[in-house]
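Take a look at the structure below.
The values are calculated or read from the model by the stated rules, or taken from the named source; none is laboratory data. Values in this document were obtained by computation on a predicted structure and should not be read as measured data. Here the Cβ is made from the backbone with ideal geometry for all residues, glycine too, and neighbour counts use every protein chain on show.
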Amino acid sequence: MRGFSLPVCLSVVLMLCSTTSHAIDPAGYGQPGGEFDIRIPRVPAADLAAAKRQTPPIAATPEVLAEGKAIFLGRGTCFQCHGVEGKGDGGAAKVLPIQPRDFTNPAFKKLRTPGEMMWVLKNGSLGQSGKVPGTGMLPIVGQFLSEEDGWKVLLYERSLGGGD
Ligand code: HEC
């Protein structure tokens, strides 16, 4: 997808998801609220330990969080699916077969390490089984955002869960 802008790719993904959403039957697969089981890692088992070992090279200072928020609401286009407040209720979420993560759930950042989130930003999310294609969560870092911007935006997402 190199060479295309993120908004263009986003609209293609949404078009594909809206036409294929019923090809993937989410029955019995989700959990209340429309998100998919938060307890199941999104990183395939073979890569999980290495992903967890990866730690952010920058601290979540107020400046970094402000930059992360600007990316989330701006050129990262994260809000389109994850919602302006990060609750997973963005306008584009309606057509997705798997609902975007609600980052305001304090349980999220207890279950997920920053390194696992970076893996998803680089590789996209295949969903909780690791086999379901087309969750709508595309590989973004390396395609549209630098790794540093990826860390900033994921630190911002984690801050939405409150606490430290
Ligand atoms: C086209 C819609 C869409 C866009 C745009 C999008 N996401 Fe997602 N995102 C999703 C969906 C759907 C999931 C849930 C996938 C799953 O449950 O496996 C998700 C999951 C994630 C996860 C993994 C959550 C977990 O359970 O480990 C992270 C991290 C994430 N998104 C970050 C971002 C960031 C950062 C941006 C912007 C740079 C972004 N997303 C943009 C749809 C989107």
| query | Does segment 108-129 hold any residues that are more than 11 Å from the chain's Cα centre (by Cα), in contact (Cβ under 8 Å) with a residue 60 or more places away in the chain and part of a helix (DSSP H, G or I), and which are they? | reply | Phe108, Leu111, Pro114, Gly115
| note | If we ask which residues in segment 72-92 are in contact (Cβ under 8 Å) with a residue 24 or more places away in the chain and of a type in the set (A, V, I, L, M, F, W, C), their number turns out to be 4
| task | Take Asn105 and decide whether it is over 17 Å from Ile38 (Cα atoms) and in contact (Cβ under 8 Å) with a residue 12 or more places away in the chain. | result | no
| said: Go through segment 128-139 and report how many residues are buried (at least 22 other Cβ atoms within 10 Å of the Cβ) and either within 15 Å of Arg39 (Cα to Cα) or at pLDDT 95 or above (or both). | reply: 0
| query | Which one of Gly86, Gly68, Gly136 is part of a loop (DSSP other than H, G, I, E, B) and within 16 Å of Gly150 (Cα to Cα)? | reply | Gly86
| task | Output the number of residues of segment 91-117 satisfying the condition of being surrounded by fewer than 18 Cβ atoms within 10 Å (Cβ to Cβ), charged (D, E, K, R) and over 16 Å from Pro41 (Cβ atoms). | result | 1
| Yes/no for Gly68 being at positive phi and either within 9 Å of the ligand (Cβ to nearest atom) or touching a Phe, Trp or Tyr at 6+ places or on another chain (Cβ under 6 Å) (or both) | no
| task | Determine whether Ala92 is over 26 Å from Arg53 (Cβ atoms), of a type in the set (Gly, Ala, Ser) and more than 12 Å from the chain's Cα centre (by Cα). | result | yes
